[in-house]
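First comes the structure, then the notes that go with it.
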Amino acid sequence: MSLEIKTSALKPVRSTFANLERRFGDKAASRYQEASYDLQPSANFHYRPIWQPQYELNDVRRTAIVMEDWYSLNDPRQYYYGSYVQVRAKMQETAESNYSFFEKRGLSRHLSDDVKAKLVRYLLPLRHVEHTANLNNVYASAYGYGTTVTQAFMYEGVDRLGIAQYLSRIGLILDGNSGTSLAEAKAYWMDDPVWQGVRAYCEGTLVVSDWFEVAVAQNIVFDNLLCDLYYSQLDQWLDENQAQDVGMLTEFMRIWYKDISRWLDSLLKSVVAESAENKAQIEDWITAWRGKAIEALRPVADEMLGAEAIEKSTLVLDARLQRAGLFK
Amino acid sequence: MSKVYIVLQDTDDARYIVAALEADNPAAGVDHQPAMIRVECEGELWLKRATVEENIGRDWDVRELQLSLISMAGNLDEDEDYFHLYWND
C-alpha cells in the first residue's frame with residue numbers, strides 16, 4: 001500500500017482587521033499596526049464634556065496643528081504596549097546592574113566633595129523638571145489625537161517618571177540613603193536664584209492648553225537643550241574631573257534620549273511637511289519658547305559648565321530643527 | 001540562470017525582513033505558504049541591514065536572521081551590513 005502525504009494550504013478569509021486592510025491593503029499586519037491604528041473613538045460620542053463643551057471628547061481641534069490624517073504620524077520605533085515594555089525592561093535591567101555595581105564597589109567614595117556638591121546642586125533638582133515633563137507628556141497623551149501619537153506621549157511620560165526615580169537614587173547613593181541630598185536639592189529648586197528661571201519655564205509649560213504646543217515647548221525645545229547640557233556636556237565635565245563613574249548612573253538617560261529622538265524627529269518632520277500652515281505655526285511656537293528656554297537654562301549652564309555651554313546646546317537644538325525642515 | 005531562495009517563518013519579526021527583501025529586490029517573488037514565507041529571485045537576493053532597520057524601527061543584527069530562517073539556496077556572502085545569496089554563472 002502506498003501512502004501519499006499531501007499538504008493543503010488553507011487561505012485565511014482575511015489577513016487582518018478591516019480598518020488596517022483599508023489603510024495598508026489585504027496583507028498580514030504587524031502587531032504595532034494592530035495595536036495602534038484607529039483605536040481612539042472618533043465618532044458617535046454621546047455627550048460633550050461639560051468642562052469643554054465646545055469640543056467632542058476626542059477632538060482634532062484641541063491643537064492649532066492640522067493633519068489630514070493624524071495616523072500618518074507613526075512611531076518609527078513601532079512601540080505598542082508590549083514592545084515598549086520589552087525594550088524598557090531590557091534598558092532597566094542594564095541600568096539596575098550599573099547601579100548595583102556602583103553601590104557594591106562604593107564608587108561614590110571616589111567622588112570629591114566638590115563633585116558631590118555639584119551633583120546635588122545641579123543634577124538632583126532635575127527630578128522636579130522630570131516631573132513637569134511627565135505631566136506635560138501625559139497631558140499631550142490625554143488631549144492629543146490619534147493613538148499612534150498619544151500612545152507615544154504616554155510612554156514618554158512614563159519614561160520621565162522613571163528618570164526622576166533614577167535621579168533620586170543618585171541622590172540616595174550620595175547621601176547614604178538618608179534622603180538629605182534630596183531635601184537639599186529641593187531647597188535649591190525652590191529658593192536658589194539659579195533655578196528659578198527653569199522653574200518658571202516648567203510652570204509656564206504646565207498652563208499651555210494646546211497640547212502640541214506643550215510638546216514643542218517641552219520635548220523639542222527644552223529637552224534637546226537639557227539633554228545636551230546634562231547627558232553630554234556635564235558627562236564630559238565629570239569625565240575630566242575624576243568622576244567618570246557617575247556616567248554609569250546616567251547611561252539610561254543617554255540611551256533613552258537617542259531612542260526618543262528618533263520618534264520626535266520623525267513626528268516633527270511629518271507635521272512640518274504636511275502643510276505650510278503647520279510649519280509656520282511650529283516656527284512661531286519654537287521662536288517663542290526657544291528664547292525663554294535658553295534664558296531659563298543659562299544661569300544653570302553658566303555656573304555648572306561655563307559661559308559657552310548653553311551656546312553649544314543651542315547649536316545642537318538648531319541643527320535638529322533644521323533637519324526637520326524648519327527655519328529654511 | 002537558476003533561482004536563489006530564502007524561506008522564513010511567518011512571524012511578526014520575519015515580516016519586516018520580507019518587507020526589506022521586497023524593497024531591495026524588486027524582481028523577487030514572495031510566496032506565502034502555511035506558517036512560512038518563501039522569497040525567491042533569479043540570480044541573487046540582497047538583504048541589507050539598513051533596510052531592515054528602517055522597517056523594523058530598531059537596531060538589527062544580520063545574525064538575528066537565523067532566528068527566523070528555515071532554509072535557503074545559493075552561495076552565501078554574509079557581512080555585518082548585508083546577507084547576499086547568489087549563484088555563480
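Rule-based calculations on the coordinates, nothing more; no lab input. Not measured: the values here are computed from a predicted model. Every residue, glycine as well, gets a Cβ built from its backbone with ideal geometry; the counts of neighbours run over all protein chains shown.
Projected onto the charge dipole of the range A:252-328 (+1 at Lys/Arg Cβ, -1 at Asp/Glu Cβ, origin at the Cα centre), which of A:ALA288, A:ALA324, A:VAL300 gives the Cα projection farthest towards the positive end?
Ranked along the dipole, the leading option is A:ALA324.
So what's the angle, to the nearest 10 degrees on a 0 to 90 scale, between helix A:276-305 and the longest Cα principal axis of chain A?
30
With θ set to phi - 60°, apply the Karplus curve 6.51 cos²θ - 1.76 cosθ + 1.60 along the range A:131-137 and write out the HN-Hα couplings as whole Hz, x wherever there is a Gly or Pro.
The phi angles translate into 5, 4, 4, 4, 4, 5, 5 Hz.
Treating the Cα atoms of chain A as identical point scatterers in vacuum, please give the log10 of the normalised Debye intensity I(q)/I(0) at q = 0.07, 0.16 Å⁻¹, two decimals.
-0.35, -1.40
How large is the helix-only mean residue ellipticity at 222 nm for chain A, computed as the sum of -39500 (n - 2.57) over DSSP H runs with n ≥ 4, divided by its residue count, in deg cm²/dmol to the nearest 500?
Values: 14 runs with 203 residues, N = 328.
My calculation for chain A gives -20000 deg cm²/dmol from helical runs alone.
Can you put A:GLU283, A:GLU4 in order, fewest other beta carbons within 10 Å first? Walk me through the numbers before you get to the answer.
Working: A:GLU283 16, A:GLU4 4.
Fewest-to-most ranking of A:GLU283, A:GLU4: A:GLU4, A:GLU283.
Got a sec to turn the phi values of the range A:110-127 into Karplus ³J(HN,Hα) couplings, 6.51 cos²θ - 1.76 cosθ + 1.60 with θ = phi - 60°, whole Hz, x for Gly and Pro?
Along the range A:110-127, the couplings run 7, 7, 6, 4, 4, 5, 4, 4, 5, 5, 5, 7, 10, 8, 4, x, 4, 5 Hz.
Each residue of the range A:183-191 in order: what ³J(HN,Hα) in whole Hz does its phi give by Karplus 6.51 cos²θ - 1.76 cosθ + 1.60, θ = phi - 60°, with x for Gly and Pro?
Karplus-based 3J(HN,Hα) across the range A:183-191 equals 5, 4, 4, 4, 5, 4, 4, 7, 10 Hz.
How far, in degrees from 0 to 90, does helix A:147-174 lean away from the longest principal axis of the Cα atoms of chain A, to the nearest 10?
30
With each run of n ≥ 4 DSSP H residues scored as -39500 (n - 2.57), what mean residue ellipticity at 222 nm is computed for chain B after dividing by its residue count and rounding to the nearest 500 deg cm²/dmol? Please report the intermediate quantities before stating the final value.
Details: 2 runs with 21 residues, N = 89.
One gets -7000 deg cm²/dmol as the mean residue ellipticity at 222 nm.
List the lysines whose Cα sits under 24 Å from the Cα of A:LYS186, skipping any in the same chain fewer than 8 residues away.
Result set, ordered by chain and number: A:LYS116, A:LYS118, A:LYS292.
Please work out the Cα center distance from the range A:97-124 to the range A:291-309, rounded to the nearest Å.
Going from one Cα centre to the other spans 23 Å.
Let me check I've understood the local charge: for A:ASP159, count other residues with C-beta under 10 angstrom from its C-beta, Lys and Arg +1, Asp and Glu -1. What total comes out? Before the final figure, lay out each step's value.
On the way: positive: A:ARG88, A:ARG160; negative: A:GLU130, A:GLU156, A:ASP259.
That works out to -1.
Which of the peptides A:101-114, A:52-65 is most tightly packed, and how do the rest follow, going by the mean number of other Cβ atoms within 10 Å of each residue?
Packing order, densest peptide first, comes out as A:52-65, A:101-114.
What is the set of long-range amide H partners of B:MET72 at a cut-off below 5 Å, with H atoms built 1.01 Å from backbone N?
B:VAL7
Using alpha-carbon positions, what is the distance between the centroids of the range A:197-230 and the range A:8-76, in Å?
The range A:197-230 and the range A:8-76 have Cα centres spaced 28 Å from each other.
To test your reading of the geometry: what angle, between 0 and 90 degrees and rounded to tens, separates the Cα axis of helix A:81-104 from the longest principal axis of chain A?
The two axes meet at around 20 degrees.
What is the Cα convex hull volume of chain B when expressed per residue in Å³?
On the way: hull volume 7.2 nm³, N = 89.
In chain B, the Cα hull volume divided by residue count equals 80 Å³.
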